[in-house]
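Read the figures in this text as sums done on the coordinates, not as results from a lab. Quick caveat, the model's predicted, so the values are computed rather than measured. Every residue, glycine as well, gets a Cβ built from its backbone with ideal geometry; the counts of neighbours run over all protein chains shown.
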Amino acid sequence: MIKPFGKKVWLSSPTMHGDEIKYVQEAYETNWMSTVGKNIDEVERIAREKIGCNYAVALATGTASLHLAVKLAGVKPGDKVFCSDMTFCATLNPVVYEGGVPVFIDTEYDTWNMDPVALEKAFELYPDTKVVVVAHLYGVPGKIDKIREICDRHGAVIVEDAAESLGATYKGKETGNFGDYNAISFNGNKIITGSAGGMLLTNDKEAAEKARKWSTQARENAPWYQHEEVGYNYRMSNVIAGVVRGQFPYLEEHIAQKKAIYERYKEGFKELPITMNPFDEENSVPNYWLSCALIDKNAMCKQVRGETEVAYISESGKSCPSEILETLAKYNAEGRPIWKPMHMQPIYRMNAFVTREGNGRAKTNAYIQGGVLGKDGKPLDVGMDIFQRGLCLPSDNKMTIEEQDKIIEIVKKCFSKI
């Protein structure tokens, strides 16, 4: 009989090492507690060197970084902006902050990221679009070279959301350095953390200077507080920067731990009708931030999701994300559903949604677990299909091998019903 965990096994919680408090203490003792100080300078330097970009601006959150990136990209009220569909809302909310109109681009199965084929189709439908916001989901790089080629051909600027993928590479190049304006996050559950914080990255000196100015309320160079444009209180504090500074040396260690978790799940599930979240093994190296599972279609028990509620019918030999997540919670372990695609969200349900076969908005309501197929015989709405069949597994890098073995057994139990 499997017993519940004595202490909770988290999805992904901060892993601290002790160096962090040294830099926080330094900020305290030198009285640099605001948005200026050595920790901020050092974090910006380290990020530039690690990611390989020319300029880095330390900001309060990853969302603030994305907002300034969207602003730098020149999004104006009424502008259509192509956005990753299966992602967290912070990827595209900044588009709306600037009055832009998100157009959602469907996902592809190879990496669970923006489908380049659907992006090309979107440019056919909306040829005047000049900004693309693309995310790398769960630490797995998308096909960013193909996306870059398409955007260059259509004269579009890329905003790269690398919030989840710090340390991941595509063809040897770090994510966060593919777009014109890029963002990473140091939120509490990320691969390294400051409890909060983010970074805007660019190779454009003028853009970096604008972002730095905007982030400190757009104050002009005058003896008094002079303002000629709207600014924001977005600068990272020197205290938060101290935590990030202490975390950065452990990035590769964290990635190695996350990779080991992914590989143990992959081995543990090899007899189950489950596959792990995929990546381009030839060209990319993920940071393995979250280990995710996708249940085979023929192994799904009946599951129906409403706006805030879910129902399923348990069946021997089959399971579904809701059953597995409920069962993990009973044993005191935290999982999470896959990001619900943005075109399914009530707030964005009327926005355009483009699949690889064209505008998929009119057909969206007909989909039940990918029930509508495209010309290739695969579900037309890939993001919805992955959302219906996928889940995020406990991926905390402090989880012991014994704890992970128990989680694997819990998942097996959901299918065996013994």
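Given the chain, what percent of its DSSP beta bridges are antiparallel, to the nearest 5?
Here the share of antiparallel DSSP bridges comes out near 60 percent.
With r defined as the distance between the Cβ atoms of GLU315 and GLU403 and R0 fixed at 30 Å, what FRET efficiency is calculated, to the nearest 0.05? Write down the numbers at each step before the final one.
Values: r = 28 Å, r/R0 = 0.92.
Computed FRET efficiency for GLU315 and GLU403: 0.60.
May I ask you to order 273-279, 54-60, 309-315 by the average number of other C-beta atoms within 10 Å around their residues, highest value first?
54-60, 273-279, 309-315
Suppose we keep just the DSSP beta bridges with both residues in the range 19-249; what percent of those would be antiparallel, to 5?
50 percent
Just subtract the alpha-carbon distance of GLU29 and LEU251 from 0.36 nm times their residue separation and send over the number in nm, one decimal.
77.3 nm
Would you work out the relative contact order for the range 207-266, in percent, from Cα pairs under 8 angstrom that are 6 or more residues apart?
Relative CO of the range 207-266 lands at 23 percent.
Once phi is turned into θ = phi - 60°, what whole-Hz ³J(HN,Hα) does the Karplus curve with 6.51, -1.76 and 1.60 give for every residue of the range 287-303, x standing for Gly and Pro?
9, 6, 3, 10, 8, 10, 10, 10, 7, 4, 4, 6, 10, 8, 6, 5, 9
What relative contact order, as a whole-number percentage, does the range 67-190 give when Cα pairs under 8 Å and 6 or more residues apart are counted? Can you show the working numbers first?
Numbers: 253 pairs, mean separation 28.3, N = 124.
The value is 23 percent.
Based on the alpha-carbon gyration tensor of the range 19-249 and its eigenvalue square roots a ≥ b ≥ c, which shape applies: rounded if a/c is under 1.5, prolate if not and a/b is larger than b/c, or oblate?
oblate
Hey, got a sec? Which GluC sites (Glu not before Pro) in the range 184-223 land in a DSSP loop and have at most 13 other Cβ atoms within 10 Å?
On the way: sites: GLU206, GLU209, GLU220; in loops: GLU220.
Answer by residue number: GLU220.
Past 26 Å, Cα to Cα, is the threshold; run LYS8/LYS190; LYS173/LYS205; LYS80/LYS173; LYS173/LYS340 against it and keep the listed order.
LYS80/LYS173; LYS173/LYS340
Mind sorting ASP180, ASP85, ASP280, ASP161 by how few other Cβ atoms lie within 10 Å of their own Cβ, fewest first?
Fewest-to-most ranking of ASP180, ASP85, ASP280, ASP161: ASP280, ASP180, ASP161, ASP85.
Which of THR216, THR193 has the fewest other C-beta atoms within 10 Å, and how do the rest follow up to the most? Could you put the intermediate results ahead of the total?
Numbers: THR216 14, THR193 23.
Fewest-to-most Cβ neighbours within 10 Å comes out as THR216, THR193.
Under the rule of at least 5 residues apart or a separate chain, name every residue whose amide H is placed under 5 Å from the amide H of MET236.
LEU59, ALA60
With n ≥ 4 as the cut-off for DSSP H runs, can you work out [θ] at 222 nm for the chain, using -39500 (n - 2.57) per run divided by the number of residues, rounded to the nearest 500?
-9500 deg cm²/dmol
Would the chain count as rounded, prolate or oblate if I go by the C-alpha gyration tensor, calling it rounded below 1.5 in a/c and otherwise prolate when a/b exceeds b/c, oblate otherwise? Intermediate values should be presented prior to the final figure.
Working: a/c = 2.07, a/b = 1.25, b/c = 1.65.
Oblate shape, in that a/c is at least 1.5 and b/c is the bigger or equal ratio.
Over 28 Å between Cα atoms, which of LYS71/LYS121; LYS50/LYS270; LYS50/LYS398 qualify?
Beyond 28 Å between Cα atoms: LYS50/LYS270.
Express the relative contact order of the chain as a whole percentage, based on alpha carbon pairs under 8 Å and six or more residues apart in sequence.
23 percent
Students often forget the sequence filter, so: which lysines lie under 20 Å Cα-Cα from LYS76 once same-chain residues fewer than 8 apart are removed?
Cross-link targets: LYS130, LYS210, LYS213.
Taking θ as phi - 60°, what are the ³J(HN,Hα) couplings along the range 152-166 by the Karplus curve (6.51, -1.76, 1.60), each to the nearest whole Hz, with x for Gly and Pro?
Result, ordered by residue: 4, 5, 9, x, 9, 8, 9, 9, 9, 8, 9, 4, 9, 10, 3 Hz.
Report, by chain and number, residues whose modeled amide H sits under 5 Å from the one on LYS80, excluding near sequence neighbours (fewer than 5 apart, same chain).
VAL101
Order by neighbour count: HIS254, HIS136, fewest other Cβ atoms within 10 Å first, most last. List each step's numbers first, then the result.
Details: HIS254 22, HIS136 32.
Going from least to most buried by this count: HIS254, HIS136.
Tell me, what HN-Hα J-couplings in whole Hz come from the Karplus equation 6.51 cos²θ - 1.76 cosθ + 1.60 at θ = phi - 60° for each residue of the range 176-185, using x for Gly and Pro?
Running phi through 6.51 cos²θ - 1.76 cosθ + 1.60 with θ = phi - 60° gives x, 9, 9, x, 6, 9, 9, 9, 10, 10 Hz.
Can you list the residues, at least 5 places off or on another chain, whose amide H is less than 5 Å from the amide H of VAL157, using H built in the peptide plane?
VAL131, VAL132
Once the piece of chain linking LYS8 and GLU49 is laid out straight, how much longer is it, given 0.36 nm per residue of separation minus the C-alpha distance between them?
Between LYS8 and GLU49, full extension yields an extra 11.1 nm.
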